[in-house]
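Derivation of every value follows stated rules applied to the coordinates shown; laboratory data play no part. Predicted, not measured: the structure shown is a model, and the values here were computed from it. When we count neighbours, we look across all protein chains shown, and the Cβ atoms used for this are built from the backbone with ideal geometry, even at glycine.
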Amino acid sequence: MRNPLKSAIKTSSGLARQSALYAGNAFDRIFRAASLVQAGQTPFETLHSNGLVSLRYYPPLEEDFIELDGMVIPVERKTHRTPIVIIPPLAVNMLIYDLFPQRSLVRFLRARGFEVYLIDWGMPGREHTHYNMHTYVAEFLPEYLNRVREHSGEQELSLHGWSMGGMFTLFYSALSKDQHIRNAIVLGLPIDSHASGLIGWMYQRIADVAELVRKRTGFRLHDMKPHWFHTPGWANTIGFKLTNPVGSVMGYWELIVRLGDREFVTNHATTSAFLDRMVAYPGGVIQDTVVRVWIDNQLAKGQIRIGDDFARLENVNANLLAIAGQEDTLATPGAAKRVMDHVSSTDKTFRVAPGGHMGILAGSKAPRASWLELADWLAARSD
């Protein structure tokens with residue numbers, strides 16, 4: 001016969017252990033979140049820094065295998081001839097490229113035999129607010145790509161750009177006419193901003209108002225000083241989360257529900273380390289983006305003004321792989337696919353992958369949905 005007293009004691013003991021687990025996870029998530037973060041564990045060397053922008057090189061991995069989304073990937077010891085340079089967007093920290101040991105883009109590319117470099121844009125302050133598209137595309141990128149060439153001993157390069165990093169990739173290729181850019185990979189890049197769903201409709205309405213103001217007053221946003229457009233990191237964090245407000249709220253609700261799951265709590269802290277630590281946009285870049293990308297939608301016509309010159313997409317002839325997110329509200333597949341109409345590349349591929357703007361780069365589905373194909377595509381064009 002079951003002893004009610006023993007059963008009650010056992011139940012109470014189980015509840016006490018569960019409560020202690022919940023309390024411990026909650027304490028760590030709130031007060032010791034940094035100890036839970038798994039991002040940024042892949043070793044790298046800093047080859048050069050100007051005090052703001054730095055160049056990273058990821059040396060060969062020591063292990064023979066890496067884990068990737070439950071798969072075991074053997075580490076290739078023979079490296080491909082053409083190095084890959086990751087060109088991030090502004091405002092994000094670099095943890096996104098090395099988010100988890102088992103979901104790290106830089107570790108995966110290194111394991112697949114690529115020499116991997118990454119340009120870290122640093123943390124711009126108010127003193128950098130005058131930096132604009134020309135600063136990054138026509139000044140920083142030529143300098144840092146030349147340093148990659150010096151270090152690697154190779155002239156031909158592959159460029160990988162997500163979001164604004166994709167803009168920098170194509171703008172540099174178009175403006176410089178660098179014939180040694182062998183491969184270009186762009187993700188989440190809106191070419192026709194006015195075609196990006198609801199956000200595109202909003203851009204069109206803003207463009208209508210801006211055109212009316214220009215005609216009646218002659219006023220243009222570039223008449224204002226760049227410091228009025230400087231956007232601090234906390235504002236970028238809020239703005240990014242507002243692109244998917246329901247998902248942001250549900251993420252914290254799921255944290256409460258699954259507070260007893262240590263792995264989930266750790267993953268939540270790691271993802272938040274990226275989302276909650278976004279950095280500032282220089283005012284000049286925001287000016288150029290708002291006017292030329294969002295309002296005037298210049299890229300839809302195949303060119304964009306960079307400083308006193310124009311970057312014409314028809315000058316891009318590198319092998320091109322463009323990936324759009326099926327659920328991306330910032331760069332919908334329809335807005336992204338227009339790149340195929342403007343570049344002169346003879347070898348060009350467009351793919352739609354599951355995920356939103358961040359998900360196509362580093363979401364839980366990204367390794368199987370896009371990384372494997374990306375690496376295969378690149379390997380076939382890097383020797």
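Collect residues whose amide H, placed 1.01 Å from N in the peptide plane, falls under 5 Å from the amide H of His48; neighbours closer than 5 in sequence don't count.
Leu55
Near the amide H of Leu68, under 5 Å away, which other amide H atoms are found, from residues 5 or more places off or on another chain, if H is placed in the peptide plane?
Those qualifying (amide H under 5 Å, at least 5 residues apart or on another chain) are Ile73.
³J(HN,Hα) across segment 98-110 via Karplus (A = 6.51, B = -1.76, C = 1.60, θ = phi - 60°), whole Hz, x for Gly/Pro?
The phi angles translate into 8, 6, 9, x, 9, 8, 10, 5, 5, 5, 5, 5, 5 Hz.
Go ahead and collect, in residue order, the members of segment 70-90 whose backbone nitrogen is under 19 Å from a label point 7 Å along the Cα-Cβ direction of Glu154.
Label zone hits: 75-88.
Give me the extension gain from Lys365 to Val75: residue separation times 0.36 nm, minus the current Cα-Cα distance, reported in nm with one decimal.
102.3 nm
Order 335-347, 46-58 from most to least packed using the mean count of other Cβ atoms within 10 Å.
Ranking the peptides 335-347, 46-58 by packing returns 335-347, 46-58.
Total Lys pairs in segment 35-379 closer than 29 Å by alpha-carbon, pairs eight or more apart in sequence or interchain only?
Close lysine pairs found across segment 35-379: 16.
Apply the Karplus parameterisation 6.51 cos²θ - 1.76 cosθ + 1.60, with θ equal to phi minus 60°, to every residue of segment 371-382 and state each ³J(HN,Hα) to the nearest whole Hz, in sequence, with x for glycine and proline.
Along segment 371-382, the couplings run 5, 4, 5, 4, 5, 5, 4, 5, 4, 5, 10, 10 Hz.
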